[in-house]
Amino acid sequence: MARNPKATTKKSQDRRPRPGAASSRPRRGKPKVCIFCSKHATWVDYKDIGLLKRFVNDRGRIKARGATGTCSQHQGDVATAVKTARELALLPYSVRAASAEPRGPRTDRRGPNAGSQGGDAFDSDSSPEQADGVDQTEVDEDDAPGEDL
């Protein structure tokens with residue numbers, strides 16, 4: 001006779017969190033309050049960029065409700081207002097992060113005499129036309145390319 005797996009196992013009941021475990025921890029910090037509910041705001045203005053910047057992080061993403069303290073109704077209104085402001089070019093879609101070091105390969109470590117010329121292929125007093133010592137602006141008619149017939 002086959003066993004009924006649901007009737008014999010009680011392990012699933014043991015895995016449930018105890019109801020008193022999470023509530024016994026003291027809450028730290030000040031509880032967050034929705035600023036729109038406290039001001040009795042009827043709607044979130046998409047043109048108020050100063051207010052909307054509080055709900056966007058430094059990378060241009062909309063902050064979560066836990067970080068801002070807005071209620072679920074107003075969080076949806078904030079998201080709609082931010083998206084509308086982005087479409088009207090009042091807010092950026094994304095912000096470039098400025099880093100101390102440029103990304104990509106470094107040009108100063110290439111080649112055997114890198115660093116001795118300071119990264120410049122030409123001397124500071126010569127122009128690109130005179131790089132090999134010959135002035136390229138004046139070309140003889142005899143040496144003109146495409147005239148060899």
Residue 83/residue 25 FRET efficiency (R0 25 Å; Cβ-Cβ; nearest 0.05): 0.10
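Counting Lys and Arg as +1 and Asp and Glu as -1, what is the net charge of the other residues whose Cβ lies under 11 Å from the Cβ of residue 70?
Values: positive: 32, 54, 63, 65; negative: 77.
Around residue 70, the surrounding residues sum to +3.
Since every read-out is calculated from the coordinates, none of them should be taken as a lab result. Predicted, not measured: the structure shown is a model, and the values here were computed from it. A quick note on method: Cβ atoms are made from the backbone with ideal geometry, for glycine too, and the neighbour counts reach across all protein chains shown.
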